[in-house]
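Following: one structure in structure tokens, then a few remarks.
Read the figures in this text as sums done on the coordinates, not as results from a lab. Quantities reported herein were computed from a predicted structural model and do not represent experimental measurements.
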Amino acid sequence: MTFPECALIHLLPPVKKVCFCRDAAACLLRHDTARNIIKTLRTEKTVSHSRLASSLRISSQGLIWQMKILIEKGIVQENRNGIRVTYSINKSYVAILPRLLTCFSTN
């Protein structure tokens, strides 16, 4: 995706269950929870599962569901040390995420 193509993303219809976007990151960032997860991970670099769930005010099960999608798309990395789970942004997405986040800013 090149920029300012991000301006065109706002013209796309809201996505309910199926995502037809070519760029997985852009598609996922259309959803508030996924966008808030990415914003938190950008700020804190590495976050534990429990801390992330409590800061986003979602259930652990809800976070697991969201993280499964972000991990499958390669945007987020999951690190396990025994029963402790932490998340961080995949290095290949670190450079492009700030631009994508500005496209989906709700401020």
Review point. Stretch residue 51-residue 33 to full length: gain in nm at 0.36 nm per residue minus the Cα-Cα span?
Key: 5.0 nm
Revision key, fill the gap. Length gained if residue 42 through residue 91 is fully extended, taking 0.36 nm per residue and subtracting the Cα-Cα distance, is 16.5 nm
